[in-house]
Amino acid sequence: MELKAVTIREINRIFEVTDELLVDREKLEIPLRPADPGGVEQGADGVIKITVPKTRPLDEWLVELEDQLRELVGL
């Protein structure tokens, strides 16, 4: 199923992951347009951009998101 837009449902699921890792929500940027393959990147300003994938199942991707965030924040 293709995700058309990132809604509060997806954002709340992402926050579950980031809150568990103690990532400050003020340092997050979550675009409302999904894009494949999805991913995580940190800008020079320290803001972490989390792009939700368009065609991958969210539950599957959230496991990867946690791993990527752990690596990014050094956990």
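Read-outs: derived from the displayed coordinates by stated rules, not from any lab. Just so it is clear, the structure is predicted and the values come from calculations on it, not from any experiment. Reconstructed Cβ throughout: ideal geometry from the backbone, glycine too, with neighbour counts over all protein chains shown.
Take every Cα pair under 8 Å whose residues are at least 6 apart in sequence, average their separation, divide by the length of the chain, and the relative contact order is 32 percent.
Between the beta carbons of Val63 and Lys27, assuming R0 = 22 Å, the FRET efficiency works out to 0.55 to the nearest 0.05. Size of the chain: Rg and Dmax of its alpha carbons, in Å, are 11.5, 34. For the range 51-58, backbone phi angles converted through the Karplus equation (6.51, -1.76, 1.60; θ = phi - 60°) give residue-by-residue couplings of 9, 7, x, 7, 10, 8, x, 4 Hz, Gly and Pro being listed as x.
Hey, in the GNM for the chain with a 10 angstrom Cα cutoff, which one of Val63, Val17, Val40 fluctuates hardest? Sorting by GNM fluctuation, first place goes to Val63. Taking other residues whose beta carbon is less than 12 angstrom from the beta carbon of Val73, and scoring Lys, Arg as +1 and Asp, Glu as -1, yields -3. For the chain, the list of GluC sites (Glu not before Pro) that fall in a loop by DSSP and count at most 11 other C-beta atoms within 10 angstrom reads Glu2. Between Glu16 and Ala35, the simple label model (points 7 Å from Cα in the Cβ direction) yields a spacing of 2.6 nm. Secondary-structure-derived ellipticity at 222 nm for the chain, considering helices only, amounts to -12500 deg cm²/dmol, per-run term -39500 (n - 2.57) for DSSP H runs with n ≥ 4.
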